[in-house]
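Inspection log for the structure reproduced underneath, given as structure tokens.
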Amino acid sequence: MRAIVILGATSDIARATALAFGQAGWQPILAGRDIEAVGRVAGDLSVRLGRPVPALVFDAAQPETHRAFWENLPGPRPDALFCAVGLLGDHEATRHDPDLAQRIVTANFTGLLGVFALAADEFEQRGKGLLIGISSVAGDRGRAHNYIYGAAKAGFTAFLSGLRQRLSRSGVRVVTVKPGFVNTAMTEGKALPKALTASPQEVAKAIVAVAEKGAEVIYVKPVWRLIMLIIRHMPESIFKKMRF
Amino acid sequence: MRITNWGKYPVAESTLAAPRSQADTAQLLRGADTAIGRGMGRCYGDSSLAEPLIISSRRLDRMLDFNPATGRLAAEAGVTLSEILDAFAPRGWFPPVTPGTRFVSLGGAIASDVHGKNHHVSGCFGQHTAWVDLVTAGGETVRCSPELEPELFAATHGGHGLTGFIAQAAVDLVPIQSAYIRQETVKAANLGEIMDAFEQSGGWTYSVAWIDCAAAGSGLGRSVLMRGEHARPDELGKLPAKLRAAPLTLPPAHTLSIPVDFPSFVLNPWSVKAFNMLYYGKAHSGVSESIVPYTTFFYPLDAVNEWNRIYGKRGFTQYQFVIPKEAGRAGLEKILARIAASGLGSFLAVLKLFGRQDHPKGNMSFPMEGYTLALDFPIGEKLFPLLDTLDAMVLDYGGRLYLTKDARMSAETFRRGYGALLDDFLAVKQRWDPQWRLQSLQSRRLGLARQGGM
Ligand SMILES: Cc1cc2nc3c(=O)[nH]c(=O)nc-3n(C[C@H](O)[C@H](O)[C@H](O)COP(=O)(O)OP(=O)(O)OC[C@H]3O[C@@H](n4cnc5c(N)ncnc54)[C@H](O)[C@@H]3O)c2cc1C
Ligand SMILES: NC(=O)c1ccc[n+]([C@@H]2O[C@H](COP(=O)([O-])OP(=O)(O)OC[C@H]3O[C@@H](n4cnc5c(N)ncnc54)[C@H](OP(=O)(O)O)[C@@H]3O)[C@@H](O)[C@H]2O)c1
């Protein structure tokens with residue numbers, strides 16, 4: 001059975017994606033910073049899938065632990081790495097709280113580089129593998145109300161793009177997911193426009209659909225591709241005056 | 001925000017909180033003047049609506065444990081039957097009782113004590129629940145079962161959220177050998193024939209009929225009865241070899257071979273054609289056999305997303321009553337004639353013969369041995385007077401209405417229909433919710449909200 005390591009397993013999107021991979025015949029290996037919470041997610045998945053699902057500690061803010069984490073994974077070597085780690089934070093607060101800004105950059109970008117590097121090397125050597133990262137349309141262009149998060153996601157998007165180019169000839173797929181709005185803990189209580197908002201299950205389905213072949217940069221709701229095309233191409237003189 | 005249930009009537013202007021843990025749920029309940037629990041909002045009226053606070057089980061959606069030796073599944077209340085089917089049907093397990101949609105939560109199935117096409121064999125959902133963890137009005141979690149706090153357990157089934165918030169529960173699934181149902185369709189030219197057909201179908205696990213509400217005179221009661229059994233692998237001979245090789249796997253949706261246009265075979269005006277096809281297109285003997293996926297047999301309406309929208313903005317209500325078996329023939333005749341004469345109802349209604357129903361002390365579940373009929377009515381001015389007339393007829397025959405479908409009955413109708421069951425239920429509620437803080441718009445309308453308790 002192919003195994004997929006899932007970072008940020010307590011995220012609503014990760015839970016749905018782990019289940020969808022499990023139902024498609026993969027073995028999920030869950031990891032997250034709060035081991036009790038990861039354990040509860042693993043318990044749910046193991047009941048649904050009818051087989052044990054391991055739960056491990058992974059904290060993006062502790063990069064020194066990432067090599068040991070990757071090298072000591074249980075079971076046969078994994079075939080895929082999926083990362084749903086992310087932190088939105090309160091943007092107002094980031095303007096006065098550099099620590100929070102730093103935590104946002106770590107969770108969405110810098111804290112993820114080490115483990116992706118290890119997986120990339122291993123998969124490259126094997127000539128096979130799958131790397132999936134959840135980035136965001138927020139990284140496509142910085143906006144007034146979330147540019148710290150956006151900047152971190154922009155960095156992660158560029159990182160995945162470079163990795164994809166590097167690995168394109170070695171049989172390793174690198175998938176960047178830009179889900180648009182999703183109904184999750186991250187967006188709880190925010191009024192999201194229905195037509196632009198996906199459910200975690202829709203995101204999961206879109207990801208599993210491209211595990212073997214197909215696009216390597218995906219927007220879950222197709223309209224987002226168009227929206228971001230327009231936003232990216234707006235002249236700066238107009239863009240800077242807009243409020244959204 | 002505006003919140004409605006399946007019938008889109010009535011509308012609540014309320015807050016929908018979705019706690020992620022029992023502790024958060026308890027805190028919400030402690031801090032609220034009044035509240036009610038809500039699952040998937042598949043009840044038709046106002047059973048799971050309240051103002052100003054509704055507590056949703058949407059984020060309490062984890063499966064907790066499964067025992068493959070017994071089939072017992074423990075899960076949080078927000079887990080849906082659909083998720084249970086996805087996880088367990090391929091492993092040979094099926095919900096013991098299922099309503100006509102798979103998009104209901106475990107908590108909702110318990111709180112309404114739902115029934116299915118197998119009521120005459122398996123009773124209601126609660127007959128198969130092993131225990132329930134309830135967060136009470138005071139914010140404490142109480143486990144109840146047939147042994148622990150049996151009255152609270154009984155009252156919580158069919159109690160429509162009024163005893164507390166169901167946080168988690170365990171239910172016993174039943175074994176199946178395939179994802180298919182061996183179905184027989186029997187056509188009946190009138191009420192006498194369909195009632196005979198039900199009597200003769202007592203040996204079948206599942207039975208239900210679609211009845212033509214527009215037919216009058218000698219055709220009154222014209223209907224099609226469907227009865228079924230979970231198919232054994234050796235009964236799947238007619239299926240392609242590929243499907244037979246994986247009997248517990250549902251066929252991919254696009255290869256379904258459905259005899260009629262099932263998605264449109266629903267309780268509404270555009271189902272006329274489908275019904276006629278089924279009715280007139282069958283063999284002369286009146287009985288025909290087929291092998292269908294369980295989705296087709298149990299959930300034909302689920303194939304159409306949001307079909308409730310066809311009734312437009314004003315919404316609709318489903319009128320579901322039960323009358324005792326003895327009153328069956330005369331009662332159904334009079335009520336059907338009244339509905340046909342009004343011209344207001346949907347073309348089709350669902351008819352089912354319930355079996356015996358136990359009501360352990362404190363329980364006020366809807367079923368009683370007898371005939372139950374359910375049909376849709378679009379909301380309109382002429383509707384409510386008609387339904388009041390029907391209420392009076394139902395009560396005179398000793399019957400009652402189903403709370404989970406109701407949006408308009410009077411406190412008086414409710415009290416007369418449930419009688420002593422209601423008194424016993426209220427005694428249990430009084431003990432566990434002395435300030436009567438668990439309230440829905442429905443319970444207020446039905447006089448179950450204390451003066452002063454808001
Ligand atoms: C197409 C269709 C077919 C149906 N067929 C049938 C049928 O054949 N037989 C049948 O019996 N019913 C049937 N129903 C009705 C449905 O099964 C019930 O209304 C069921 O209770 C809905 O579950 P829900 O999760 O949507 O709960 P909701 O509709 O949200 O709530 C229903 C009731 O349960 C209570 N409740 C929900 N969750 C909790 C909780 N966690 N704690 C405490 N109380 C809670 C609510 O307060 C409310 O009283 C059908 C409905 C539809 C739309
Ligand atoms: N929801 C949206 O609208 C949306 C839109 C675009 C992109 N995304 C992205 O989608 C991904 C999943 O998010 P979600 O919506 O499912 O929200 P979520 O539930 O808040 O998930 C975020 C996940 O990141 C984990 N995390 C945060 N900091 C971490 C750290 N230092 N180390 C390890 N794990 C950490 C969280 O763990 P804890 O549970 O322990 O906090 C949680 O599992 C994120 O990358 C997010 O940026 C979401």
Using beta carbons and a limit of 6 Å, which pairs, at least six apart or on different chains, have the first residue in region B:103-119 and under 12 Å from residue B:403 (Cβ atoms) and touching a residue at least 60 places away in the same chain (Cβ under 8 Å) and the second one assigned to a loop (DSSP other than H, G, I, E, B) and more than 6 Å from ligand 1 (Cβ to nearest atom)?
B:113/B:124; B:113/B:157; B:113/B:158; B:113/B:365
Please work out which one of (1) within 16 Å of ligand 1 (Cβ to nearest atom); (2) open to solvent by less than 20 Å² (accessible area, probe 1.4 Å) is the condition residue B:180 fails and give its number.
(1)
If you take the residues in region A:210-240 that are assigned to a loop (DSSP other than H, G, I, E, B) and over 20 Å from the mean Cα position of the chain (by Cα), which one is nearest to residue A:137 (Cα to Cα)?
A:234
Residues that are at the interface with chain A (Cβ under 10 Å from one of its Cβ atoms), open to solvent by less than 10 Å² (accessible area, probe 1.4 Å) and touching a residue at least 40 places away in the same chain (Cβ under 8 Å): list the strands (runs of 3 or more DSSP E) wholly contained in region B:35-94 that include at least 2 such residues.
B:72-76
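Here is a yes/no grid of residues against (1) of a type in the set (S, T, N, Q); (2) under 24 Å from residue B:16 (Cα atoms); (3) under 15 Å from the mean Cα position of the chain (by Cα):
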| residue | (1), (2), (3) |
| --- | --- |
| A:136 | yes, no, yes |
| A:142 | no, no, no |
| A:147 | no, no, no |
| A:161 | yes, no, yes |
| A:166 | no, no, no |
| A:171 | no, no, no |
| A:178 | no, no, yes |
| A:191 | no, yes, no |
| A:195 | no, yes, no |
List the helices (runs of 4 or more DSSP H) that sit entirely inside region A:6-99 and contain at least 3 residues that are under 16 Å from the mean Cα position of the chain (by Cα) and within 14 Å of chain B (Cβ to nearest Cβ).
A:12-23
What number of residues within region A:141-187 are in contact (Cβ under 8 Å) with a residue 40 or more places away in the chain, among the small types (Gly, Ala, Ser) and within 16 Å of ligand 2 (Cβ to nearest atom)?
5
Out of (1) away from ligand 1 (no atom under 15 Å from the Cβ); (2) under 23 Å from residue B:433 (Cα atoms); (3) touching a Phe, Trp or Tyr at 6+ places or on another chain (Cβ under 9 Å), what's the single condition that is false for residue B:28?
(1)
Return the only residue of A:175, A:137 being open to solvent by less than 40 Å² (accessible area, probe 1.4 Å) and under 22 Å from residue A:28 (Cα atoms).
A:175
If I go through region A:106-123 residue by residue, how many of them are surrounded by fewer than 19 Cβ atoms within 10 Å (Cβ to Cβ) and within 25 Å of residue A:148 (Cβ to Cβ)?
4
Considering only residues that are in contact with a helix residue (DSSP H, G or I) (Cβ under 8 Å, 6 or more places away or on another chain) and open to solvent by 50 Å² or more (accessible area, probe 1.4 Å), look in region A:187-208 and name the one that is nearest to ligand 1 (Cβ to nearest atom).
A:201
Filter region B:96-115 down to residues that are closer than 15 Å to residue B:297 by Cα and either part of a helix (DSSP H, G or I) or near ligand 1 (Cβ under 6 Å from one of its atoms) (or both), then give me how many there are.
3
Among residues of region A:188-209, those that are in a helix (DSSP H, G or I), within 25 Å of residue B:86 (Cβ to Cβ) and free of Cβ contacts under 8 Å to residues at least 40 places away in the same chain, counted
4
Considering residues that are open to solvent by less than 10 Å² (accessible area, probe 1.4 Å) and either more than 15 Å from residue B:131 (Cα to Cα) or within 14 Å of another protein chain (Cβ to nearest Cβ) (or both), the number found within region B:99-111 is 2
Under 6 Å between Cβ atoms, which residue pairs at least 6 apart in sequence (or on different chains) link something in region B:148-160 that is over 21 Å from residue B:57 (Cα atoms) and within 14 Å of another protein chain (Cβ to nearest Cβ) with a partner that is more than 16 Å from ligand 1 (Cβ to nearest atom) and open to solvent by 20 Å² or more (accessible area, probe 1.4 Å)?
none
Is it the case, given these coordinates, that residue A:221 is modelled with pLDDT of 90 or more and touching a Ser or Thr at 6+ places or on another chain (Cβ under 9 Å)?
yes
State whether the residues of region B:206-227 include one that is surrounded by fewer than 21 Cβ atoms within 10 Å (Cβ to Cβ), touching a strand residue (DSSP E or B) at 6+ places or on another chain (Cβ under 9 Å), more than 30 Å from residue B:339 (Cα to Cα) and touching a residue at least 60 places away in the same chain (Cβ under 8 Å).
no
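Among A:31, A:80, which is in contact with a strand residue (DSSP E or B) (Cβ under 6 Å, 6 or more places away or on another chain), touching a residue at least 24 places away in the same chain (Cβ under 8 Å), more than 25 Å from residue B:59 (Cα to Cα) and open to solvent by less than 20 Å² (accessible area, probe 1.4 Å)?
A:80
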Any idea which of A:99, A:121 is within 19 Å of residue A:158 (Cα to Cα) and without any contact (Cβ under 8 Å) to a residue 12 or more places away in the chain?
A:121
The one condition in (1) in contact with a Leu (Cβ under 9 Å, 6 or more places away or on another chain); (2) within 16 Å of ligand 2 (Cβ to nearest atom); (3) open to solvent by less than 50 Å² (accessible area, probe 1.4 Å) that residue A:211 fails to fulfil:
(2)
The correct count of residues that are touching a Lys or Arg at 6+ places or on another chain (Cβ under 8 Å) and crowded, with 23+ Cβ neighbours inside 10 Å in region A:11-21 is 1
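Listed here are the residues, each with its yes/no results for (1) buried (at least 17 other Cβ atoms within 10 Å of the Cβ); (2) at pLDDT below 90.
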position: B:286; (1), (2): no, yes
position: B:325; (1), (2): yes, no
position: B:330; (1), (2): no, no
position: B:345; (1), (2): yes, yes
position: B:348; (1), (2): yes, yes
position: B:352; (1), (2): yes, no
position: B:373; (1), (2): yes, no
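The values are calculated or read from the model by the stated rules, or taken from the named source; none is laboratory data. The structure displayed is predicted, hence computed values, not measured ones. When we count neighbours, we look across all protein chains shown, and the Cβ atoms used for this are built from the backbone with ideal geometry, even at glycine. All accessible areas refer to the heavy atoms of the entire protein, side chains included, with ligands and DNA or RNA removed. Shrake-Rupley method; radii C 1.70, N 1.55, O 1.52, S 1.80 Å.
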